[in-house]
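Chemist: Below you will find the structure I want to go over with you.
The values are calculated or read from the model by the stated rules, or taken from the named source; none is laboratory data. All figures in this text were calculated on a predicted structure; none of them were measured in a lab. Ideal geometry is used to build each Cβ from the backbone, glycine not excepted, and the neighbour counts take in all protein chains shown.
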Amino acid sequence: MIPGRQQGVTLVEMVLSIVIFGVLAVGTTAFIRLSADSYASSSARLELAGAARIAVERINRELRNALPNSVRILNGGTCVEFLPVVGAGVHQWQTGSYSGGETMRPPPVEEDADVFHVLGETLTNLSGAPVYVAIYPLPGVIDTSATGVLRAVATPPLQPLAGVDGVSELQLAAPTRFPRAAPPPYRVYLAGAPVAFCLAGGRLIRHEGYALGDAPSSGAGHPLGRNVSASAADAFVHDPGSLTRHAVVRINLAFTGGDNQSTAISHEVHVLNAP
């Protein structure tokens with residue numbers, strides 16, 4: 001250092017420093033913005049995928065609890081409808097009397113009746129309000145006609161049979177008969193009102209609270225997703241079961257987010273079809 005000489009920077013050095021800091025600031029800002037945009041895009045994709053998984057899993061769980069052979073595809077592949085099982089058990093198949101003298105009552109087949117007996121306690125804990133009882137639900141007969149397997153039940157449908165342990169009376173809404181008896185293991189199903197999942201107006205909607213044979217849109221609708229479309233020709237495809245495998249429902253849905261990101265889901269649900 002030379003005594004008496006002032007220290008400092010020249011104008012050129014100052015301008016050069018400003019230019020360098022400016023370049024660094026622009027680069028850092030661009031990097032931060034790119035990172036923030038990438039994080040926002042990833043978060044949006046994860047949120048969209050999560051919403052899609054929740055909706056499809058809801059359909060999957062409910063279809064797995066469908067009454068055997070009750071699944072139907074409606075409205076050109078935009079709706080899947082089924083009857084939910086709220087209870088299942090074994091019905092009385094013998095005739096005669098119990099040890100206390102009470103008459104055994106199997107499901108009415110040859111003549112009309114408004115009651116029959118179910119065995120055990122498998123029907124005591126119902127998961128919903130029963131509307132129908134089904135005996136031997138084969139394909140193509142899931143209806144309330146004379147040749148169908150559904151019959152309306154009374155409210156409440158079950159009452160313990162007095163004097164006989166482990167046996168309940170199942171009350172029908174009116175005297176009727178079933179077209180055929182069930183073979184072993186003599187299954188009986190209690191089913192609720194129809195439920196349908198439909199695509200309409202870009203929304204995935206769960207319909208309930210409507211009568212069998214009516215349009216699903218006549219029932220209460222609960223949206224499960226918005227900006228939803230079919231990711232294939234049909235949103236829902238039903239492949240009926242056979243003697244060697246269960247039925248399959250294919251779900252083909254595409255979910256679109258607000259930033260036009262899309263997630264397509266193709267999912268198969270194996271539905272029990274053993275009556």
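Chemist: So which residues in the stretch 71-83 are over 15 Å from Ile135 (Cα atoms), of a type outside the set (Val, Ile, Thr) and under 17 Å from the mean Cα position of the chain (by Cα), if there are any at all?
Modeler: Filtering the stretch 71-83 down to residues over 15 Å from Ile135 (Cα atoms) leaves 71-82.
Those left that are additionally of a type outside the set (Val, Ile, Thr): 72, 74-77, 79, 81-82.
Of everything in the stretch 71-83, those that are over 15 Å from Ile135 (Cα atoms), of a type outside the set (Val, Ile, Thr) and under 17 Å from the mean Cα position of the chain (by Cα) turn out to be Arg72, Leu74, Gly77, Cys79, Glu81, Phe82.
Chemist: Name, by its number, the condition in (1) within 30 Å of Leu48 (Cα to Cα); (2) free of Cβ contacts under 8 Å to residues at least 40 places away in the same chain; (3) within 17 Å of the chain's Cα centre (by Cα); (4) crowded, with 16+ Cβ neighbours inside 10 Å that does not hold for Ser231.
Modeler: Among (1) within 30 Å of Leu48 (Cα to Cα); (2) free of Cβ contacts under 8 Å to residues at least 40 places away in the same chain; (3) within 17 Å of the chain's Cα centre (by Cα); (4) crowded, with 16+ Cβ neighbours inside 10 Å, the lone unmet condition for Ser231 is (3).
Chemist: Moving on. Among all residue pairs at least 6 apart or on different chains, which show Cβ distances below 6 Å where the first residue, located in the stretch 175-204, is without any contact (Cβ under 8 Å) to a residue 12 or more places away in the chain and the second is part of a strand (DSSP E or B)?
Modeler: Taking only residues 6 or more apart or on different chains, not a single pair turns up.
Chemist: Please work out which residue is nearest to Glu57 (Cα to Cα), limiting yourself to the stretch 244-270 and to residues that are out of contact with any strand residue (DSSP E or B) (no Cβ under 6 Å at 6 or more places or on another chain) and of a type in the set (Gly, Ala, Ser).
Modeler: Restricting to residues being out of contact with any strand residue (DSSP E or B) (no Cβ under 6 Å at 6 or more places or on another chain) and of a type in the set (Gly, Ala, Ser), the top hit is Gly257.
Chemist: Please indicate, with yes or no, whether at least one residue in the stretch 89-97 is out of contact with any Phe, Trp or Tyr (no Cβ under 9 Å at 6 or more places or on another chain), touching a residue at least 24 places away in the same chain (Cβ under 8 Å), surrounded by fewer than 18 Cβ atoms within 10 Å (Cβ to Cβ) and in a loop (DSSP other than H, G, I, E, B). Step through it out loud before you land on a result.
Modeler: At the first step, the residues of the stretch 89-97 found to be out of contact with any Phe, Trp or Tyr (no Cβ under 9 Å at 6 or more places or on another chain) are 94-97.
Those still in the list that are touching a residue at least 24 places away in the same chain (Cβ under 8 Å) too: none.
No, that holds for no residue.
Chemist: Yes or no: the stretch 182-193 includes at least one residue that is under 26 Å from Ile265 (Cβ atoms), surrounded by 13 or more Cβ atoms within 10 Å (Cβ to Cβ) and among the hydroxyl-bearing types (Ser, Thr, Tyr). It would help to see each step written out before you state the result.
Modeler: Within the stretch 182-193, the first condition is being under 26 Å from Ile265 (Cβ atoms), and the residues that meet it are none.
Checking the stretch 182-193: not a single residue is under 26 Å from Ile265 (Cβ atoms), surrounded by 13 or more Cβ atoms within 10 Å (Cβ to Cβ) and among the hydroxyl-bearing types (Ser, Thr, Tyr).
Chemist: Restricting the search to the stretch 250-273, which residues are more than 20 Å from Leu74 (Cα to Cα) and loosely packed, with under 14 Cβ neighbours inside 10 Å?
Modeler: Gly258, Asp259, Asn260
To keep it simple, each residue is scored yes or no on (1) at pLDDT 90 or above; (2) small (Gly, Ala, Ser).
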| residue | (1), (2) |
| --- | --- |
| Phe82 | yes, no |
| Pro108 | yes, no |
| Leu126 | no, no |
| Ala129 | no, yes |
| Tyr136 | yes, no |
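Chemist: Take Val133 and decide whether it is crowded, with 21+ Cβ neighbours inside 10 Å and closer than 18 Å to Pro275 by Cα.
Modeler: Details: crowded, with 21+ Cβ neighbours inside 10 Å: yes; closer than 18 Å to Pro275 by Cα: yes.
So Val133 passes the test.
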